[in-house]
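Single-structure report; data block below.
Bear in mind that the values in this text are calculations on the coordinates, not laboratory data. Worth saying up front: this structure is predicted, and the values here are computed from it rather than measured. All Cβ positions, even for glycine, are placed from backbone atoms using ideal geometry, and neighbour counts span all protein chains on display.
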Amino acid sequence: MGAETDRRDEIIRRVMERLDEILCSYQGRGHQTVYIDLDSLALFSGLILYGQVKAENYEYEYNPAIDRDETAVSIYRKLAPQTRWRVGRHTQIEQIRMNALRQFSKMGVPEYHGQIYYPDTRTFLICGEILPYEIFQLFVDMPEAEKLYIVPYPFRSDGEKPKYYSFAPDEGAKERMKQYVEHKFEEMCRIVHEKSKDTYTIPPIT
C-alpha cells in the first residue's frame, strides 16, 4: 500500500513539473509558475492522469528565417491589430509566434478570442504562458472548442527538436472545468462581500 501510494505521488509530482515546464516556459518579466494556484494545478493534473484530458506532444522544425516566409508574415500581420503583438520588431517572440502560426496554417483562418482560435478546427493556439485556471476559462468561454495547442519556448541547450503540445478535454472534463470556474467566482464574490460589510456604491469603472 505504501509503495503504491509513493508511486502514485511520484507520478503526480512529475505531471505537475511537466505542466510547469510546458505552460510556463517563457522566462523573463512576468514569468509565472503553475504552482501559484495549487487547486487548479491539482485538478488539471488529475484530469490528465485519469484520461479525461488527452495530452500529446509533437516535434517540429523551427525556421530561424521565418520572417522571409510570406504566409507566416501575412497571418501574423492580420492578427497583430487584434492583439498586443508588435509588428516588425524582429524579436525572438515574434519569430516563435510566426513559426507556430506557419505550423498551424492548414487549420483554417485564425481569429482572436482572448487567445488565437481556429474556428474551422475548434482549436486554440497559445505561444506564451498560461495557467491551468486560464485554460479552464478558455473552454468555459468557448464550449465548442475541442483542443488547445501550446507552443513552449522552443530553444533547448541539448539540441533536441522543439516540441509543441495538445490538450483535448472530453465532455466530462469540460464540465469539471466549468464547475471549478463557477466555484471560484462564487468564492471570490463571497470574499468581497465579507470584506465590504459597510454600505458601498457602484464605482465609476463599470
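Details
- Gaussian network model of the chain, Cα within-10 Å springs - most flexible of Met188, Met142, Met177: Met188
- Ranked by how many other beta carbons lie within 10 Å on average, peptides 67-75, 4-12, 126-134 from highest: 126-134, 67-75, 4-12
- Pairs from the list Lys163/Lys184; Lys106/Lys184; Lys54/Lys161; Lys54/Lys78; Lys78/Lys161; Lys78/Lys184 with a Cα-Cα gap above 25 Å: Lys163/Lys184; Lys106/Lys184; Lys54/Lys78; Lys78/Lys161; Lys78/Lys184.
- For the chain, a simple Cβ point-charge model (Lys and Arg +1, Asp and Glu -1, everything else neutral) yields a dipole of about 620 debye relative to the Cα centre.
- Candidates Val192, Leu131, Ser157 compared by Cα position along the dipole of segment 62-206: farthest toward the positive end lies Ser157, with charges placed on Cβ.
- Cα-Cα separations in segment 1-70 greater than 16 Å, expressed as whole percent: 63
- GNM remark for the chain: springs join alpha carbons under 10 Å apart, and the peak mean-square fluctuation among Arg84, Arg29, Arg156 falls on Arg29.
- Only Cα pairs under 8 Å and 6+ residues apart enter the sum, and on that basis the relative contact order of segment 93-206 stands at 18 percent.
- The computed Cα Rg over 2.2 N^0.38 Å for the structure shown corresponds, within [x] 1.16; [y] 1.41; [z] 1.03, to [x].
- Normalised by the number of residues in the chain, the average gap of Cα pairs under 8 Å and 6 or more apart makes the relative contact order 24 percent.
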